[in-house]
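> Next up is a structure, given as structure tokens.
The values are calculated or read from the model by the stated rules, or taken from the named source; none is laboratory data. As the structure is a computational prediction, the values presented were derived from the model and not from experiment. All Cβ positions, even for glycine, are placed from backbone atoms using ideal geometry, and neighbour counts span all protein chains on display.
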Amino acid sequence: MDGMFALMSVAGGGLPLLAAALLAAEEPGPLGALGIDGRMLIAQIVNFAILLGLLWAFLYRPVLRMLQERRERIAESMRRAEEVKQQLARAQQEYEAALLRARREAQGIIAQANELGKRLTDEARQRAQAEAQVDLDRARAQIRLETQQAIAKLRSEVADLAVLAAGRIIQRSLDTRQHYDLVADVLRETEKLKVE
């Protein structure tokens, strides 16, 4: 009986209820009539309480602690996954914004290049037109000069022919036949002048 109380004080901390049950188990009663040994029942209850205490201390609390740590790790992983998801969304937005800026810059550069090309084309066209106008004016002046020179030369030749024709007319008195011969001679000499 003293061993029982020592066991109870270790396992249950000296529970008075358990002690009363042990004292009652020594007396035969309705449990004895059922074939249940009271001392054995109390020993099994004490053993169960010890086992429950040991399980509580060494198994249940560590398992609960492990489950809690696992819950916390899962929650942390979920939080990190959400952060990664948000970072990915931000990175996607930054990428799209950078892409939009790049497209706008490219369009601006293309517009500037088109404007520059148009301006250079217009300047080249204006320069070419100005040069063509200068060349045209120079050619017209050259043609005018050559025309005036040709007219002057032609007048000189016509004057020479007129003098020559007049000289021949004066040297002889012309009848119709001589007149035709004189014109033919003048034409022949005119042809010689063209050849020279």
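> Among the candidates 143, 151, single out the residue that is hydrophobic (A, V, I, L, M, F, W, C) and either at pLDDT below 90 or at positive phi (or both).
Selected residue: 151, the only one of 143, 151 that is hydrophobic (A, V, I, L, M, F, W, C) and either at pLDDT below 90 or at positive phi (or both).
> For a quick check of your reading of the model, give me the residue pairs whose first member lies in the stretch 49-64 and is of a type outside the set (Gly, Ala, Ser), whose second is in a helix (DSSP H, G or I), with beta-carbon atoms closer than 7 Å and at least 6 apart or on different chains.
Here the result reads 50/11, each pair linking the stretch 49-64 to a residue that is in a helix (DSSP H, G or I).
> Check the stretch 64-75 and report whether any residue there is among the β-branched types (Val, Ile, Thr) and within 49 Å of the chain's Cα centre (by Cα).
Yes, the conditions are met somewhere in the stretch 64-75.
> Would you call residue 61 part of a helix (DSSP H, G or I) and at pLDDT 90 or above?
So residue 61 does not fit the description; no.
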